[in-house]
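Everything on this sheet refers to the single structure shown next.
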Amino acid sequence: MNDALLRLILLIIAAITLLSGLTQMIAGGFLLSIIATDPNPAAVHMFMTVGMFMVITGAMFLQSLWTRSEETAIPLWIAVQKLAAAILVTTGWMKGVFVSLVLGVAAFDALTGVLALIFWGRLRS
């Protein structure tokens, strides 16, 4: 995959992250009622808080990609965050916290983490 295509895909993913985080912040209870087995008030609040962090990291990654930043720390830590999210969402599903629908989210985060690591490697060379 060439650099321009990789950057474009990551720009789209960063925008999706920002928008989905915003949706979690605004409609966290509704979304959690779809994907969680017990969307209690504490879980909804934490889900909305996670959404806020998604907005911040998505916006940061989007800005760094858009401005063609050479800062290597940003894609590295985005990759770490996305891979950790994939592991934690999958673990939540395995524990019965989430329904099977979240496995698509986990797969998307894992793929994003791998793509961000590839991008990070290219920035370093």
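The values are calculated or read from the model by the stated rules, or taken from the named source; none is laboratory data. Predicted, not measured: the structure shown is a model, and the values here were computed from it. Virtual Cβ from ideal backbone geometry, glycine too; neighbours counted across all protein chains shown. Each accessible area value is taken on the protein alone, full model and side chains, heavy atoms only, with ligands, DNA and RNA left out. Shrake-Rupley method; radii C 1.70, N 1.55, O 1.52, S 1.80 Å.
Quick look at the values:
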read-out	value
Checking Ser33 against (1) surrounded by 13 or more Cβ atoms within 10 Å (Cβ to Cβ); (2) assigned to a helix (DSSP H, G or I), the condition it does not meet	(1)
Residues (more than 19 Å from Phe98 (Cβ to Cβ) and open to solvent by 40 Å² or more (accessible area, probe 1.4 Å)) located in segment 36-58	Met52, Ile56
Within segment 74-99, tally of residues that are charged (D, E, K, R) and open to solvent by 50 Å² or more (accessible area, probe 1.4 Å)	1
Given (1) open to solvent by 80 Å² or more (accessible area, probe 1.4 Å); (2) in a helix (DSSP H, G or I); (3) of a type in the set (Lys, Arg), number of the condition Arg7 does not satisfy	(1)
Residue in segment 68-79 that is at pLDDT 95 or above, within 16 Å of the chain's Cα centre (by Cα) and among the hydroxyl-bearing types (Ser, Thr, Tyr) present	no
Residues being farther than 17 Å from Leu18 by Cβ, part of a helix (DSSP H, G or I) and in contact (Cβ under 8 Å) with a residue 24 or more places away in the chain - total across segment 85-112	3
Candidates Ile74, Ile118, filtered to the one that is touching a helix residue (DSSP H, G or I) at 6+ places or on another chain (Cβ under 8 Å), touching a residue at least 60 places away in the same chain (Cβ under 8 Å), part of a helix (DSSP H, G or I) and of a type in the set (A, V, I, L, M)	Ile118
Test for Leu111: is it crowded, with 16+ Cβ neighbours inside 10 Å and of a type outside the set (Phe, Trp, Tyr)	no
